[in-house]
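Undergrad: Shown below is the structure under consideration.
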Amino acid sequence: MDPNNPAHLMVDIETMGMAPDGAIVQIGYAVFNPITGFILASADINVSLASSVQAGMTLNPGTIEWWMKQEQAARDALYTPPPCDLALGLSCIQAVYQNAQCGAVWAFPATFDVVILESAFRLTKEKVPWGYRDIRDARTWIRQALTREECVSTGLKHLASNDCLNQIRWLMDASRKLNVPLK
């Protein structure tokens, strides 16, 4: 990537709690070019629920009940590939962010995914790879240009990496519609 236009990272997480320390069970990411929207890398990191709870993250019965009502494919995706320890999953996100030399991290919304990820980094004593100036809120940006009806999801819902890809597509559509480049 051009140092003047570094790659960006979109993150999406699946949790078993809605609090800022909700137990993470899946971290999805996509590294993308913020000018073209080209996807440079994308993956899901499944996280052991037990390791999230052992690290101090919390469960919410309502969220667990909600997950029990989701498509079987989405629930199965939480175990394929096999879950890893929370600290290992977070170190993978650190490596992706640093190796791709990302200049920003996006989430939909940043007040959920990024907040919980940063809580997990602190609980596991791992370093947060981005600075506070690097955080971007995709939902705010997208809602400035697109209606909810224009934001059509494709693929499996609640597969975190797939959610990232949808969010990048909407973000790029919003950027073009507003005629404002992503920074």
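The values are calculated or read from the model by the stated rules, or taken from the named source; none is laboratory data. As the structure is a computational prediction, the values presented were derived from the model and not from experiment. Cβ: placed from backbone, ideal geometry, glycine included. Neighbour counts: every protein chain shown.
Undergrad: Within 16 Å of residue 83 (Cα to Cα) and at pLDDT 95 or above: which single residue out of 43, 30 fits that description?
TA: 43
Undergrad: I need the full set of residues from segment 1-54 which are crowded, with 23+ Cβ neighbours inside 10 Å and of a type in the set (Gly, Ala, Ser), in order please.
TA: Of everything in segment 1-54, those that are crowded, with 23+ Cβ neighbours inside 10 Å and of a type in the set (Gly, Ala, Ser) turn out to be 22, 23, 28, 30, 52.
Undergrad: Touching a residue at least 12 places away in the same chain (Cβ under 8 Å) and in contact with a strand residue (DSSP E or B) (Cβ under 8 Å, 6 or more places away or on another chain): is that true of residue 171 in this structure?
TA: Yes: the conditions hold for residue 171.
Undergrad: Okay, moving on. Is one or more of the residues making up segment 95-105 on the phi > 0 side of the Ramachandran plot and either in contact (Cβ under 8 Å) with a residue 12 or more places away in the chain or part of a helix (DSSP H, G or I) (or both)?
TA: yes
Undergrad: Could you tell me which of the residues 182, 123, 117, 78 is over 14 Å from the mean Cα position of the chain (by Cα) and closer than 21 Å to residue 31 by Cβ?
TA: Just one listed residue meets the conditions, 182.
Undergrad: What tally of residues in segment 110-131 results from selecting those that are surrounded by fewer than 15 Cβ atoms within 10 Å (Cβ to Cβ) and part of a loop (DSSP other than H, G, I, E, B)?
TA: The total comes to 4.
Undergrad: Scan segment 132-169 residue by residue and report those that are surrounded by 14 or more Cβ atoms within 10 Å (Cβ to Cβ), outside any helix (DSSP H, G or I) and among the hydroxyl-bearing types (Ser, Thr, Tyr).
TA: Matches in segment 132-169: 153 only.
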